[in-house]
Amino acid sequence: MDFSLSDEQEALYAGMLRVGREVIAPGAAERDLAGRWDPAVWKGLAAAGVPGMPIPEEYGGSGGSIIDCCLVNEALGEGGRDGGLGLSLGAHWVIGTVPIWLHGTEEQRQRWLPGLCDGSLIGSWASTEPEAGSDSGAIRTTAVRDGDDWVLNGTKTFITNGPIADVCTVLAKAPEGATAFIVDTRNPGFVVGRELDKLGCRSSPTAEIHLSDCRVRSADVLGEVGNALWKIAFECFDWERTVMLAGIVGGMRATLDTTIAYAKQREQFGKPIAHHQVIAHKLAQMEINYQVVRNAVYKAAWLKMVGREHMVEASVAKALAGTLSVDNALEAIQVHGGYGYLRDFPVERALRDAKLASLGGGTTEIQKMIISRSILA
Ligand SMILES: Cc1cc2nc3c(=O)[nH]c(=O)nc-3n(C[C@H](O)[C@H](O)[C@H](O)COP(=O)(O)OP(=O)(O)OC[C@H]3O[C@@H](n4cnc5c(N)ncnc54)[C@H](O)[C@@H]3O)c2cc1C
């Protein structure tokens, strides 16, 4: 087994770590407090070629492999320490852009991918509804044929990038079954509703979307009519449980490094707190957790990249990340003592950001359902 990275991948990581530190990290605390998306940060990422990373060069992307995308996301998470930015980028990549690349017609790819890759367009995905969360098959949004068009009606919620997206792939129920539609968000029937005020990942805008007689062309159907749940949505979720998770791994590294540095300089009872064995063991456990999550994420990503079955491994990675990133953030606060409870230090933000990993893109309970069904079968 070869766990090594190529020289190019090492350089990619180092370069993206710098982008994270220089473009994302400044202002991350303020954006979190204000709950503010900053287009200037997005432009900075676009200048570094980030938005099109997973997409082939012929459509304006960088043609990065799945492992390359994980490395970029991990480095940005470590250097940038902005879970919201990671969420918006992840949604743009894995549920906004990749489905159009993988399932789009040539016309759809040519229309959307160049802009999504150069960052002039932002992507999004809308499957969740008020009554259809974990049970994505229970969607009620309807898609009804009208001549050569389709008319969409319904309400979506929790839509990452909802208020800023230029294109949104909407999952709706056609008579044949769940169908995905690529919707230009300037369509008058696509109405951005209430913006949702969140615990963490606050620099990423999240909104309700109302589809009100939203008319789209037959040419805007993504993939086959009636087959989108299995063919497109579940595949998206696997990308979320590999590539998107890598940003959380980077965040765990940053939180651990901050905590190690703090424990080495903070003195109590006449010595650095890192020299009290209880604290040293907390740091050791944080390192264990970090390595476990990182290995699980990269194993699932590698299986996906080489085309092997990876559903269980992706769920294992997601379940581990959801639990252990929160454990680490809580211990980071504990090691910082009262200061960890203040907004002056980044560890309280790390806790709020980390919590999303056990919810969005499939909860921990749903990951365990997937794993248990597989091992019991
Ligand atoms: C910040 C954020 C961003 C998001 N971005 C997007 C987006 O861009 N696009 C999109 O479509 N969606 C998005 N989502 C939605 C997300 O995928 C859902 O929140 C998630 O799938 C859970 O659905 P729910 O919130 O309705 O919870 P529910 O499904 O109502 O679950 C509530 C609780 O019940 C548990 N539960 C449910 N069913 C079972 C079961 N069978 N067995 C055991 N336990 C069960 C759950 O694990 C959970 O603990 C986002 C969510 C958040 C919070």
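We did not get these values from a lab; they are worked out from the coordinates using the rules stated. Only a predicted model underlies this, so the values are computations on that prediction, with no experimental measurement involved. All Cβ positions, glycine included, derive from the backbone under ideal geometry; neighbour counts span all protein chains shown.
For the reader, a short list of remarks on this structure follows.
- Within region 298-377, helices (runs of 4 or more DSSP H) holding 3 or more residues that are within 16 Å of the ligand (Cβ to nearest atom) and of a type in the set (D, E, K, R): 347-354, 364-376
- Count - residues of region 201-238 that are more than 21 Å from Gly137 (Cβ to Cβ) and under 17 Å from the mean Cα position of the chain (by Cα): 7
- Of the residues screened, Asp146 is not one that is farther than 16 Å from Phe190 by Cβ and without any contact (Cβ under 8 Å) to a residue 12 or more places away in the chain.
- Test: residue in region 273-289 that is within 16 Å of the ligand (Cβ to nearest atom), surrounded by 14 or more Cβ atoms within 10 Å (Cβ to Cβ) and part of a loop (DSSP other than H, G, I, E, B): no
- Note on region 76-103: among residues that are aliphatic (A, V, I, L, M) and under 14 Å from the mean Cα position of the chain (by Cα), the one that is farthest from the ligand (Cβ to nearest atom) is Leu76.
- Residue check, Ser88 polar (S, T, N, Q), assigned to a helix (DSSP H, G or I) and under 24 Å from His210 (Cβ atoms): yes
- When Trp37 is tested against (1) in contact with a Lys or Arg (Cβ under 8 Å, 6 or more places away or on another chain); (2) assigned to a helix (DSSP H, G or I), exactly one condition is not met: (2).
- All of Thr155, Thr142, Thr169 fail the test of being touching a Phe, Trp or Tyr at 6+ places or on another chain (Cβ under 9 Å) and either among the hydroxyl-bearing types (Ser, Thr, Tyr) or away from the ligand (no atom under 11 Å from the Cβ) (or both), apart from Thr169.
- Selected residue (only one of Leu211, Leu229, Leu222 is in contact with a His (Cβ under 8 Å, 6 or more places away or on another chain), hydrophobic (A, V, I, L, M, F, W, C) and over 16 Å from Ala354 (Cβ atoms)): Leu222
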